[in-house]
1. Counting just the residues of segment 28-53 that are of a type in the set (D, E, K, R) and assigned to a helix (DSSP H, G or I), which one comes out nearest to Arg69 (Cα to Cα)?
2. Give me the residue from segment 85-102 that is without any contact (Cβ under 8 Å) to a residue 24 or more places away in the chain and closer than 24 Å to Leu51 by Cβ and, out of that set, least open to solvent (accessible area, probe 1.4 Å).
3. Run down Ala5, Ala22, Ala64 and say which single residue is hydrophobic (A, V, I, L, M, F, W, C) and closer than 22 Å to Val100 by Cα.
4. What is the one condition in (1) surrounded by fewer than 16 Cβ atoms within 10 Å (Cβ to Cβ); (2) touching a Phe, Trp or Tyr at 6+ places or on another chain (Cβ under 6 Å) that Ala22 does not satisfy?
5. Which numbered condition in (1) farther than 23 Å from Cys118 by Cα; (2) modelled with pLDDT under 85; (3) β-branched (Val, Ile, Thr) is the only one that Thr97 fails?
6. Being closer than 30 Å to Gly125 by Cα and either within 10 Å of the chain's Cα centre (by Cα) or not aromatic (Phe, Trp, Tyr) (or both) is true for just one of Leu51, Leu34, Leu44, Leu80. Which residue is that?
7. Pairs only if they're at least six apart or on different chains, beta carbon under 6 angstrom, first in segment 72-84 and more than 27 Å from Leu44 (Cβ to Cβ), second loosely packed, with under 10 Cβ neighbours inside 10 Å; list them, first residue then second.
Amino acid sequence: VYFNADLFKRCPAQAGLGGGSANAATAMWGANELMGRPATLEQLIEWSGALGSDITFFLSRGTAYCTGRGEIMTPIDPPLPSGAKLSIVKPNLGLSTPKVFKALDYDQLSTEDPQMLCDLFLKEGVV
């Protein structure tokens with residue numbers, strides 16, 4: 001069985017918002033639905049990690065803390081109350097994800113435990 005679909009990206013390109021990954025997750029989920037759900041959500045999540053780094057996040061059912069390449073997901077409580085307004089501002093300049101990671105100096109990365117930082121953020125917010 002083959003599908004032909006047009007996906008329209010509604011978020012800005014090169015903004016770090018996962019537009020392409022969201023499209024991939026939507027295509028996986030939609031094909032599964034059209035086929036009568038032969039795969040479980042857990043299977044879709046497992047397979048998504050092989051397709052792209054953060055596709056898994058877009059198959060989650062809410063807020064998640066992601067590690068690895070973004071494919072390892074732990075559900076967390078939302079850091080903002082339901083209905084809170086949030087503005088995302090993106091300048092006209094974009095960044096290519098592959099170029100950003102190629103330029104990353106891994107020797108300069110923080111040695112702080114990411115889980116500890118996440119817990120601190122959820123407890124105290126931005127300080």
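1. So in segment 28-53, the residues of a type in the set (D, E, K, R) come out as 33, 37, 42, 46.
Still in the running and assigned to a helix (DSSP H, G or I): 33, 42, 46.
Values: Glu33: 27, Glu42: 18, Glu46: 13 Å.
That would be Glu46.
2. At the first step, the residues of segment 85-102 found to be without any contact (Cβ under 8 Å) to a residue 24 or more places away in the chain are 85-87, 89, 91-93, 98-102.
Filter once more, keeping what is closer than 24 Å to Leu51 by Cβ: 98-102.
Working: Pro98: 98, Lys99: 150, Val100: 71, Phe101: 117, Lys102: 180 Å².
Once the filter is applied, the top-ranked residue is Val100.
3. On the way: Ala5 fails: closer than 22 Å to Val100 by Cα; Ala64 fails: closer than 22 Å to Val100 by Cα.
Unique residue meeting the criteria: Ala22.
4. Failing condition for Ala22: (1).
5. (1)
6. On the way: Leu51 fails: closer than 30 Å to Gly125 by Cα; Leu34 fails: closer than 30 Å to Gly125 by Cα; Leu44 fails: closer than 30 Å to Gly125 by Cα.
Only one candidate passes the filter, namely Leu80.
7. none
To keep it simple, each residue is scored yes or no on (1) acidic (Asp, Glu); (2) at pLDDT 85 or above.
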| site | (1), (2) |
| --- | --- |
| Glu42 | yes, yes |
| Leu51 | no, yes |
| Phe58 | no, yes |
| Tyr65 | no, yes |
| Gly68 | no, no |
| Glu71 | yes, no |
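The values are calculated or read from the model by the stated rules, or taken from the named source; none is laboratory data. Nothing here was measured: the structure is a model prediction, and the numbers come from that model. Glycine also receives a Cβ, built like all others from the backbone with ideal geometry; neighbour counts cover every protein chain displayed. Surface accessibility is based on the protein's heavy atoms, side chains included, excluding ligands, DNA and RNA. Shrake-Rupley method; radii C 1.70, N 1.55, O 1.52, S 1.80 Å.
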